[in-house]
Structures are given as C-alpha cells and as structure tokens.
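First comes the structure, then the notes that go with it.
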Amino acid sequence: MTSSISNQPASNVKRNLLFIFLTLFGPTLPTLADDAPPTVEQTSAVAGDAERTNDVNQANDVEQAEEKPEATTESCLIEQTNAYRARYNLKPLTENKKLSEACRKFAEVMARTGQLSHYADGRSPSSRVSAAGYTWNSVAENIAYRWDRKNMTNEQYAQATLNQWINSSGHRRNLLGSQYTQCGAAFATNPQTGKTFAVMVYARPGN
C-alpha cells in the first residue's frame, strides 16, 4: 500500500516532517558563522583592543616626552644671560663653538686642580681664546664655583651662577658689555669634591 502525506492525519504528517528534518539536519539548526554579523560582545572586544592600543600609544608619547633631554646648563646660562641683557636693551649674544671649547677646557682645569683663578692654567683669558682659533677684537671672562650642583636642575644651577655674577660689579660689567656680540660657556665638576666650576667668555670677533 502506498501512502501520501496528504492522506495521513495531521499529527502523523507533522511527526513525519519532523523526522525527515532531523534526519537531514541533525538536532540543531545550521548556522552561517562566516556570514553572521559580529555580536555585541565581539564589537566590544574590538573597541577594547582599540582602547588598549590608544593607551599604549599615549604611554609611548609620554615616555618619549619624558626622555626628551633637559637643556644643558650651558645653554640655560646663555639664554638667561641674554634675558638679563635684554632688560638693559642690549643685543643678545650668540654662542661661538670655539669660545665654548676654550671655556670647557679651562673649566676642566679648574675642576681638576680646585683652583679658582683666571690664570689656573698659566695663561690669560685672551690667550686661551686665541689658542682656540678665535680672532678677537675684545674679550672678557667670568668664572665661579658652587658646591650644590646635584641639588638643582640645569636651569636652576645656571640661574644661581648668573646671580653670583649679577651681584658682583666687575662680573656684571662683563655681562652687560655692549661691545660683545658672541659668547661661550662651560661647566665642569670634580667628582671627588663635588665642586663645579663655571666659565663664560664674552667677545667681539676681530677682522
């Protein structure tokens, strides 16, 4: 005997359809995972990854900013000297590398010997400038020493040194010399004594 679904009772038809469906597809419905849109949880995870990436980038930016080197004590001293000269309507001094090299070598001599003197190396300021290869028309030199180098930032230490010179008439005269157009500066510290020596030269180049 043959039978068709249409001739069976409705309950039998439903059972037969369910049986056929489960036979073909199994107990669970098929899903198209590759084509399914991301769930809310997946979207949140992507956003979280993006936020973590931004946090890492921001941390790197902060780290790079913190690693930016502090301005040297020498550059701070020159900048502060020019700010002081500007109060008296004087032109700023530009740094000359030969003058700064002469200052560096002399500061190292004073730091090594512990002697604060314009003649600590047996030469005069003008002789040291000439030996550095600088042709000068006029030249002057300020020197100083302090003990508290490690307790200050470069900017603070430069300002403290400048204040020593400002408070001395002879040093102040060199700072405010209208004839000078260039300068050099250097600091050197004796690691055993902790004493730091400063040298600054003011000059006008010759022909």
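The values are calculated or read from the model by the stated rules, or taken from the named source; none is laboratory data. This one's a predicted model, so the numbers in the text were calculated from it and none came from an experiment. Neighbour counts run over all protein chains shown; Cβ positions are idealised from the backbone, glycine included. Just so you know, the surface numbers come from the protein's heavy atoms only, side chains and all, with ligands and any DNA or RNA stripped out. Shrake-Rupley method; radii C 1.70, N 1.55, O 1.52, S 1.80 Å.
Annotations
- Residue that is modelled with pLDDT of 95 or more and open to solvent by less than 40 Å² (accessible area, probe 1.4 Å), where the choices are SER130, SER178, SER117: SER117
- Test: residue in region 154-161 that is open to solvent by less than 30 Å² (accessible area, probe 1.4 Å), more than 24 Å from GLN192 (Cα to Cα), touching a residue at least 60 places away in the same chain (Cβ under 8 Å) and of a type in the set (S, T, N, Q): no
This table checks each residue for (1) aliphatic (A, V, I, L, M); (2) in contact with a strand residue (DSSP E or B) (Cβ under 9 Å, 6 or more places away or on another chain).
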{"residue": "ARG112", "(1), (2)": "no, yes"}
{"residue": "TYR119", "(1), (2)": "no, no"}
{"residue": "ASN167", "(1), (2)": "no, no"}
{"residue": "LEU176", "(1), (2)": "yes, no"}
{"residue": "THR181", "(1), (2)": "no, yes"}
{"residue": "THR193", "(1), (2)": "no, no"}
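- Members of region 173-207 that are under 20 Å from ASN137 (Cα atoms) and not in a strand (DSSP E or B): ARG173, ASN174, LEU175, LEU176, GLY177, SER178, GLN179, TYR180, THR181, GLY206, ASN207
- If the condition is being hydroxyl-bearing (Ser, Thr, Tyr), open to solvent by 70 Å² or more (accessible area, probe 1.4 Å) and part of a helix (DSSP H, G or I), then region 89-114 contributes only THR113.
- Members of region 68-119 found to be of a type in the set (Lys, Arg) and either within 23 Å of the chain's Cα centre (by Cα) or closer than 12 Å to ALA158 by Cβ (or both), listed by number: LYS68, LYS97
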